[in-house]
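The values are calculated or read from the model by the stated rules, or taken from the named source; none is laboratory data. Note that this is a predicted model, so its numbers are computed, not measured. Because the Cβ atoms are built from the backbone with ideal geometry, glycine has one as well, and the counts that use them run over all protein chains shown. What goes into the accessible areas is simple: the full protein's heavy atoms, side chains included, and nothing from ligands, DNA or RNA. Shrake-Rupley method; radii C 1.70, N 1.55, O 1.52, S 1.80 Å.
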Amino acid sequence: MYQIKTYNAIAKQGLAEFGDNYRINQTDDADAYLIRSVNLRDQEFPKTLKAIARCGAGFNNIPLHKALENGTVVFNTPGGNANAVKELVIATMIIASRNIIAAANWSAQAAPGADITLRTEKEKTSFNGTELLGKTVAVIGLGHVGSLVANACLDLGMKVVGYDPYLTVDAAWRLSDKIVRADSIADAVKDADFVTVHVPKNDETTGLIADAKIAQMKPTTILLNYSRLGIVDNKAVVEALDEGRLGKYYTDFSDAVILNRDDVVIMPHIGGSTVEAEINCARMAARETIEFLETGNIKNSVNLPDVQAPFDSDHRITLIHQNIPNMIGQISTYLAGQDINIENLVNKAKGKYAYTMIDIDEISHDKQEDVVENLEKIPAVTRVRFLTHK
């Protein structure tokens, strides 16, 4: 029986993925956490904790290295809320082009009277906007969200220029061949009417759009950040707006630097806040957790490599260990000394840690515990699990 602990409100459709072999409760000795935005950075993880599944793409609320030291795999759900974010980005571009917020505010504040229709007809010209048709948008980052945004902009008749130096094969397949590929951010943004950013936040992307990049944009460019706080340098944005070097700024992340400005519109982090997105992410997180707990296969991990192999043998041993020389040698030497035949072995590393899955043939139940105990004694091994094929 696996114990699953939840934080935040997890969609019931996701929790329904867990079968009879799972118990959803608030135990302190959980096998896995399902979370959304809760901050786990200051929490101590129980040794029983094998997995943390984040119902969403961002994972800056999880201490990844601390999890690795505990032998805990961290998952996220890339693409689970991508359509929700895409729709908000497109809506924002339309709002920005057609002065919708200002127009709606005027109507809401208009004093009643017999001449309201006449006044409306007279005043509406002050809210004249522009159309997206024929405009140029630069999409920085062409992953799950960026590719959807790029294709949707094409459907609206826009010219789309994309930049992504780490474009994967899968992402490339999702993109229309009509999207222009830029060799640099400067090339992507130089003629853009809109610049929208869709990259993960890490050391490389923090402050990615700062003064030097903004200087390459037209003074009328509208900048959108629906990715993560900190990817766009808000101080540089404010300076550019004050100096007339940038048109407007729309973002999903509040910050004191950009508050109370007519040329900045802040959404309260609602990019992925749809019923459908929450269900999609919860289902993905649950399925990733089930697959890992029952087979050892890893998909969509953010602190270990993805490792997947058919589980056709009687038993499987999985190990999380440091990525140092002779780890496989030590593991296989021990198994050989116990007359345990290795039927399949998969090993992949990510940074300072690695993950190894070993399929073996039948061994006695009593011997299973000894195998786990002795493998755990190998220096640099963090966690050992013994799985039986159902």
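What does the net charge come to around Leu132 if you take all other residues with beta carbon closer than 11 Å to its beta carbon, with K and R at +1 and D and E at -1?
With Lys, Arg at +1 and Asp, Glu at -1, the net is 0.
What number in nm² do you get for the chain if you take the convex hull of its Cα atoms and divide its surface by four?
Over every viewing direction, the Cα hull of the chain projects on average to 23.8 nm².
Taking springs between alpha-carbon atoms closer than 10 angstrom, which of Asp183, Asp203, Asp31 fluctuates most in the Gaussian network model of the chain?
The residue that fluctuates most here is Asp203.
With everything on Cα atoms, drop me the angle between helix 275-295 and the longest principal axis of the chain, reported from 0 to 90° to the nearest 10.
Between helix and principal axis, roughly 20 degrees.
Per DSSP H run of n ≥ 4, the term is -39500 (n - 2.57); total these for the chain, divide by its residue number, and report the mean residue ellipticity at 222 nm rounded to 500 deg cm²/dmol.
-9500 deg cm²/dmol
What accessible area per residue, rounded to a whole number of Å², is obtained for the stretch 305-389 using a probe radius of 1.4 Å?
Solvent-accessible surface per residue comes out at 50 Å².
In whole Å, how far is the Cα centre of the stretch 271-306 from that of the stretch 26-80?
If we compute the Cα centre of each part, the gap is 12 Å.
Ratio of Rg to Rh for the stretch 61-213, alpha carbon only, Kirkwood?
1.12
Please give the net charge around Ile270, taking every other residue with its beta carbon less than 15 angstrom from that of Ile270, where Lys and Arg add +1 and Asp and Glu add -1.
-1
Over the alpha-carbon set of the stretch 239-318, work out the extent along each principal axis and list the three values in angstrom, largest first.
Cα extents, longest axis first: 68, 26, 19 Å.
Compute the acute angle (0 to 90°) between the alpha-carbon long axis of helix 327-337 and the principal axis of greatest extent of the alpha-carbon atoms of the chain; round to the nearest 10°.
Once rounded, one gets 30 degrees.
For the stretch 161-205, treating each Cα as an identical point scatterer without solvent, what Debye log10 I(q)/I(0) comes out at q = 0.16, 0.22, 0.23 1/Å?
Those come out to -0.48, -0.90, -0.97, one per q.
Report the Stokes-Einstein translational diffusion coefficient (µm² s⁻¹, integer) for the stretch 193-350, Rh taken as the Kirkwood radius over Cα pairs, at 37 °C with viscosity 0.692 mPa s.
165 µm²/s
Chymotrypsin sites (Phe, Trp or Tyr not before Pro), restricted to the stretch 136-189: which are DSSP loop and have at most 16 other Cβ atoms within 10 Å?
Counting only loop positions with at most 16 other Cβ atoms within 10 Å, the chymotrypsin sites (Phe, Trp or Tyr not before Pro) in the stretch 136-189 are Tyr166.
If you stretched the chain out fully between Asn25 and Glu121, how much longer would it get, using 0.36 nm times the residue separation minus the C-alpha to C-alpha distance?
28.6 nm is the gain from fully extending Asn25 to Glu121.
Quick one: angle between helix 100-109 and the longest Cα principal axis of the chain, in degrees between 0 and 90, rounded to 10, please.
So the inclination is approximately 60 degrees.
How much net charge surrounds Cys281 when only the other residues with a Cβ under 10 Å from the Cβ of Cys281 are counted, with Lys and Arg +1 and Asp and Glu -1?
Cβ neighbours under 10 Å give a net charge of +1.
Using alpha carbon centroids, what distance separates the stretch 186-255 and the stretch 124-151, in Å?
Computed from Cα coordinates, the inter-centre distance equals 15 Å.
What spacing in nm lies between the two simple spin-label points modelled at Lys178 and His365, each 7 Å away from Cα in the Cβ direction?
Each label point lies 7 Å from its Cα, and together they span 6.4 nm.
May I ask you to list the GluC sites (Glu not before Pro) in the stretch 17-76 that are in a DSSP loop and have at most 11 other Cβ atoms within 10 Å of their Cβ?
Qualifying residues, ordered by number: Glu44.
Past the 25 Å Cα-Cα mark, which pairs from Lys86/Lys124; Lys124/Lys248; Lys350/Lys390; Lys5/Lys352; Lys159/Lys235?
Listed pairs above 25 Å: Lys86/Lys124; Lys350/Lys390; Lys5/Lys352; Lys159/Lys235.
Across every pair of different alpha-carbon atoms, what Kirkwood hydrodynamic radius in Å does the stretch 305-389 reach?
Here the Kirkwood hydrodynamic radius works out to 12.9 Å.
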